[in-house]
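Computed from the coordinates by the stated procedures, all read-outs in this text should not be read as laboratory data. Small disclaimer: the values here were computed from a predicted structure and weren't measured. FYI the Cβ positions are ideal-geometry reconstructions off the backbone, even for glycines, and counts take in every protein chain you see.
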Amino acid sequence: MANVAIPYFSGRGHTRRLAQEIAAGLGVGHCDARLIDVAQMGETDWQALDAADAIVMGTPTYMGSAAAEFKAFMDQTGTLWAQQRWADKLAAGFTVAIFGGGDKLQTLQQLMVFAMQHGMVWVGQDQIGAPVDPEKEGLNQSGVWLGLGAVSVRDKTQLIGAGDLHTAHLFGQRLARAVRRWAL
């Protein structure tokens, strides 16, 4: 079974909720997913990243960029980069912000450039929602193709709206298809 590592930072729980839904979608696609909170990483987490077929990175967008805690994780990979230990793994990214635009694209570009520096192969979003397909109301409502871009919901019992959660689940399934195809 292919395995996917999902390193993420979640300031208030929104990014963690997206990571969980992506993992659920990966599970439907018969991939083992491991969530890794980058603020609490240990040696086994680094080993899981090295062993993963794909790494799906998640961070909230704060002030037009990845959260500082996630950036610290990125900076800790310098030795891995120099050895190109993650080369040819699949990579993807997801982010969440308060606003529909919210400069999420900038964060996803930052994650993609990081993945490219590691020699990874990037997988983007494939969901076409409304208004193009009226039957898919709520899917990919931010219109982001580089990865998953979601909008936070202030209700702490919900965190992420139903449409973005469904998009995250489908993104996980897309990633599972890509991992199964790439990892053969």
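Here are the numbers for the structure shown:
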{"quantity": "Rounded to 10°, Cα long-axis angle of helix 162-182 versus longest principal axis of the chain", "calculated": "40 degrees"}
{"quantity": "Candidates Ala39, Ala82, Ala168, ranked by Gaussian network fluctuation over the chain, Cα under 10 Å, top entry", "calculated": "Ala82"}
{"quantity": "The chain - mean residue ellipticity at 222 nm from DSSP helices (-39,500 (n - 2.57) per run, n ≥ 4, rounded to 500)", "calculated": "-12500 deg cm²/dmol"}
{"quantity": "Degrees, to the nearest 10: 104-117 long Cα axis against longest axis of the chain", "calculated": "20 degrees"}
{"quantity": "Candidate lysines for bridging to Lys89, where Cα separation is under 26 Å - those fewer than 8 sequence places away on the same chain excluded", "calculated": "Lys71, Lys104"}
{"quantity": "Nitroxide proxy distance, nm - points 7 Å out along Cα→Cβ at Ile128 and Arg85", "calculated": "4.1 nm"}
{"quantity": "Distance between the range 21-69 and the range 124-148 - C-alpha centres, whole angstrom", "calculated": "22 Å"}
{"quantity": "FRET efficiency for Ala24 and Ala72, using Cβ-Cβ distance with R0 set to 25 Å, rounded to 0.05", "calculated": "0.35"}
{"quantity": "Dimensions (Å) - the chain, Cα atoms, principal axes, largest first", "calculated": "46, 36, 27"}
{"quantity": "Calculated FRET value between Met116 and Ala162, using beta carbons and R₀ = 35 Å, to 0.05", "calculated": "0.60"}
{"quantity": "Order of Phe114, Phe171 - criterion: other Cβ atoms within 10 Å of each residue's Cβ, fewest first", "calculated": "Phe114, Phe171"}
{"quantity": "Most mobile of Thr15, Thr77, Thr167 in a GNM of the chain (Cα contacts under 10 Å)", "calculated": "Thr77"}
{"quantity": "Label-point separation, Arg181 to Glu135 (7 Å along Cα→Cβ), nm", "calculated": "2.2 nm"}
{"quantity": "Hull shadow area, averaged, the range 75-184 [alpha-carbon convex hull, nm²]", "calculated": "8.0 nm²"}
{"quantity": "Cα-centred dipole magnitude for the range 3-182, charges only on beta-carbon of K, R (+1) and D, E (-1), debye, nearest 20", "calculated": "60 debye"}
